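A short write-up of the structure that comes next.
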Amino acid sequence: MDKQELRLTPEEARLTGLSREEYTDSNFAGHSYLHEILITLFSNRATAISLACIAVIVLMAIFAPILSPYSYREVHSEATNLPMRIPGLEKLGIFDGTRAGVDQYERHGVPDEYHYFGTDNLGRDIWTRVWTGTRISLLIALLAVALDVLIGVTYGMIAGFFGGRADLIMQRVIEVLTGIPNLIIMMLLLLVMEPGIPTICLALAITGWVNMSRIVRAQVLRIKGSEYVLASRTLGSPAMRIILRKILPNTMGQIIITFMFSVPNAIFFEAFLAFIGLGVPIPMASLGTLINDGYKSAMLYPYQVLLPAAVLSVLMLSFNLLGDGLRDAIDPQMRSM
Amino acid sequence: MNAQTERAERAGQPLLEVEGLRQHFRMSRHYTVKAVDDVSFTIHRGEIFGLVGESGSGKSTTGRSIIRLYTPTAGRIRFCGQDVSGRLTAQQTLLLRTRMQMIFQDPIASLNPREKVIDIIAEGIDIHHMYESRAQRRDMVLAMLRKVGLAPEHADRYPHQLSGGQRQRVGIARALIMKPDLIIADEAISALDVSIQAQVVNLLKQIQQETGCAILFIAHDLSMVRYISDTIGVLHLGHLVELGTTQDVFEHAVHPYTRALLSAIPRPNPLLERDRPIESYDCRAAGVDYTKGTLHHLSDTHLLLATDEERDRWTRGA
Ligand SMILES: Nc1ncnc2c1ncn2[C@@H]1O[C@H](COP(=O)(O)OP(=O)(O)O)[C@@H](O)[C@H]1O
Ligand SMILES: [Mg+2]
């Protein structure tokens, strides 16, 4: 075979372009990864609106009970089941504290009080109770999901990274855990331990972390075999460095997405537990216990159940939409799913 | 370690000796993939060794066993005079992780998307604490960028903000900053455009000349291998079937598999290309069993895996 045909001389090679040209293309510079995510996130209107809703609800949950003149627990037996009365709007003929043409506030001898959301059957201000309840519901959900993340990420990371027999055993444990209906685990736990916020958080987290650990494990398995991890290993990276520098940053997006979808889930489960009578002890209130209380007199005083239910719905919807938007921004390939 | 390395060098020992390397993957109790089966070759200091073979022939596995991403099933690997095939001492690990480096095939997948170019390139010197100050670290990275033909501005970019050729240069810089004696380039150009391939191959060649490192150049594109390599090994089904200088392999190929590979290279002359005969080779149909063959010296540098009968038949035909 003729050698000249195939061997490139240096001159020929140079024809294809200098091997050491210095490229500079400034149009790409700038945007960091976070920056790009934020841009994508806020260009989605549904996400922006849901983020605003969550912000408003969180602010109300923090400040409304502080600013309100009424306490969430004080019982006023003389002013029970008052209808909604909102200053300003009452002049338009709505929310003016009347029921069937009778001013209930006058009738109960509290003509100067304004209960925006009315009062319940013990005369407690529902406005204050709804926002205190939101506060507690959010607190429980965040604590429970934080526990999910802590346990789930560690568990999934260990199972995925070290693999082998450890992984095999850990996956069997998860299968057993998911084999038992989680409602039963929660109810047993709540019956055994004394009721309160920590118990409910634990009950929610005890099965909630499984989903997180599965997602993290799948991500770790994918990333572990990637060429950039192999490259890092050929440079002598210790396992901890690979986990912290390579695997964790590349899993963070999925962790955040799962977190965002877990929060409304936890809020819902807490409400559900409260609804079947396993909620926070009275006189504390969560959105779930409020709905449970209001539901009993829903036919007579529908606002007592509708208002906390509305806050719950908006909160859950917003978190789900935000989760969707985050997923689109962080992991564009998932958009079609 | 340095004293030992130098002694090995003085004794004229090869940089890397691979003897009877086997890498088997046990898939189940009844089935084992023999990805690499009894492969032996040596690489001398400053040599560019081309390893060719079709996809699935065990090229990557060979490279990964040598750099100990896998634990070899059997065989001996000596690097800088040290046996690095068994259980590694801390000192041997250090030798392997600094003096031997790898460049990967996929320029996208081989860079962590969450790290800036500067941190990717500095990874090796970070792990082995090879600088005194942040400023010195940056200087070392910038020097590397210049060496591989990138601009200082690229240091603060993320991988997805670079082109394919630029990314591969970052991969080369990451390996080069360790001043390795051996670089394993696993299909380092296969994923690039043809025009960029020539640039990167020229860059590797230039680097080899400047630093005197050896390169194990794994590829399936024979024309590039011919251009860059001093020695070529032909791998098929995990066996090294033919080994020789570039001239041996390209002009006096004996093994039917090598000849089939060579006949598949397109020629730039359309008149020749029109009548180019393509030799086909199917070892099972030809009744060739690699495990029965032994290595025959056809010349000082030219080795062939065959039984005596096969050698006689093939050399007669050539
Ligand atoms: N980790 C592994 N587990 C099981 N089989 C593998 C593994 N790595 C490679 N193989 C098998 O070994 C053979 C050689 O693969 P490889 O070395 O990647 O080939 P090449 O790089 O030449 O294309 C293939 O059949 C492949 O399926
Ligand atoms: Mg390969």
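The values are calculated or read from the model by the stated rules, or taken from the named source; none is laboratory data. Model, not experiment: these values are computed from the prediction. Positions of Cβ are backbone-derived with ideal geometry, glycine not excepted, and every protein chain shown enters the neighbour counts.
With respect to the conditions (1) within 16 Å of ligand 1 (Cβ to nearest atom); (2) away from chain A (no Cβ under 14 Å); (3) closer than 14 Å to B:P180 by Cα, B:F49 falls short on a single one, namely (3). For the stretch A:97-138, a residue qualifies if it is of a type in the set (A, V, I, L, M, F, W, C) and in contact with a Pro (Cβ under 7 Å, 6 or more places away or on another chain), and the qualifying residues are A:V130, A:W131. Checked against the criterion of being within 20 Å of B:F49 (Cα to Cα), touching a helix residue (DSSP H, G or I) at 6+ places or on another chain (Cβ under 7 Å) and at pLDDT 90 or above, the candidates B:A155, B:A185, B:A175 yield just one match: B:A185. Of the numbered criteria (1) part of a helix (DSSP H, G or I); (2) surrounded by 14 or more Cβ atoms within 10 Å (Cβ to Cβ); (3) not aliphatic (A, V, I, L, M), the one A:P195 fails is (1). Restricting attention to the stretch B:34-45, does a residue exist that is under 15 Å from the mean Cα position of the chain (by Cα), small (G, A, S), buried (at least 18 other Cβ atoms within 10 Å of the Cβ) and more than 9 Å from ligand 1 (Cβ to nearest atom)? No, there is no match, as no residue in the stretch B:34-45 is under 15 Å from the mean Cα position of the chain (by Cα), small (G, A, S), buried (at least 18 other Cβ atoms within 10 Å of the Cβ) and more than 9 Å from ligand 1 (Cβ to nearest atom).
Here B:A191 passes the criteria (1) within 12 Å of chain A (Cβ to nearest Cβ); (2) outside any helix (DSSP H, G or I); (3) under 15 Å from the mean Cα position of the chain (by Cα) except the one numbered (3).
Within the stretch B:123-149, being outside any helix (DSSP H, G or I) and more than 23 Å from A:V229 (Cβ to Cβ) holds for B:Y131, B:E132, B:S133, B:G149.
Looking only at residues that are closer than 27 Å to B:S263 by Cβ, of a type outside the set (G, A, S) and surrounded by fewer than 22 Cβ atoms within 10 Å (Cβ to Cβ) in the stretch B:205-223, which one is nearest to ligand 1 (Cβ to nearest atom)? Only one residue fits best here, namely B:H220. Of the candidates A:A231, A:A309, A:A271, A:A285, the single residue that is in contact (Cβ under 8 Å) with a residue 40 or more places away in the chain and more than 17 Å from the chain's Cα centre (by Cα) is A:A285.
All told, B:E279 meets the bar of being surrounded by fewer than 16 Cβ atoms within 10 Å (Cβ to Cβ), charged (D, E, K, R) and touching a residue at least 12 places away in the same chain (Cβ under 8 Å). Within the stretch B:241-253, being in contact (Cβ under 8 Å) with a residue 60 or more places away in the chain and more than 14 Å from chain A (Cβ to nearest Cβ) holds for B:V241, B:E242, B:L243. Taking into account only those residues within the stretch A:100-129 that are basic (K, R) and surrounded by 16 or more Cβ atoms within 10 Å (Cβ to Cβ), which is nearest to A:A309 (Cα to Cα)? Ranking the qualifying residues of the stretch A:100-129, first place goes to A:R129.
Checking each residue in the stretch B:254-276 for being more than 10 Å from chain A (Cβ to nearest Cβ), of a type in the set (A, V, I, L, M) and farther than 25 Å from B:V36 by Cα picks out only B:L271. Residue-level check: of (1) within 16 Å of ligand 1 (Cβ to nearest atom); (2) in a loop (DSSP other than H, G, I, E, B), B:P107 misses just (1). Taken over the stretch A:234-268, residues that are within 17 Å of B:H128 (Cβ to Cβ) and either among the hydrophobic types (A, V, I, L, M, F, W, C) or within 20 Å of the chain's Cα centre (by Cα) (or both) amount to 4. Just one residue in the set B:R316, B:R284, B:R259, B:R311 is closer than 26 Å to B:R22 by Cα and surrounded by fewer than 14 Cβ atoms within 10 Å (Cβ to Cβ); that residue is B:R284.
When residues in the stretch B:48-86 are screened for being within 16 Å of ligand 2 (Cβ to nearest atom), at positive phi and in contact with a strand residue (DSSP E or B) (Cβ under 7 Å, 6 or more places away or on another chain), 2 of them pass.
The residues in the stretch B:64-84 that are in contact (Cβ under 8 Å) with a residue 40 or more places away in the chain and more than 11 Å from chain A (Cβ to nearest Cβ) can be counted, and the count is 12. A count restricted to the stretch B:155-164 and to residues that are within 21 Å of B:A185 (Cβ to Cβ) and either without any contact (Cβ under 8 Å) to a residue 40 or more places away in the chain or at the interface with another protein chain (Cβ under 7 Å from one of its Cβ atoms) (or both) stands at 1. Tell me yes or no: at least one residue of the stretch B:93-115 is more than 14 Å from chain A (Cβ to nearest Cβ), surrounded by 15 or more Cβ atoms within 10 Å (Cβ to Cβ) and touching a residue at least 12 places away in the same chain (Cβ under 8 Å). No - not one qualifying residue is present in the stretch B:93-115. Here the condition is being modelled with pLDDT of 90 or more and within 21 Å of the chain's Cα centre (by Cα); of B:I265, B:I218, it holds for B:I218 alone. The residues listed here are B:Q105, B:Q91, B:Q101; of these, the one that is on the phi < 0 side of the Ramachandran plot and within 16 Å of ligand 2 (Cβ to nearest atom) is B:Q105. Among all residues of the stretch B:169-178, there is none that is assigned to a loop (DSSP other than H, G, I, E, B), more than 24 Å from the chain's Cα centre (by Cα) and either in contact (Cβ under 8 Å) with a residue 24 or more places away in the chain or more than 8 Å from chain A (Cβ to nearest Cβ) (or both).
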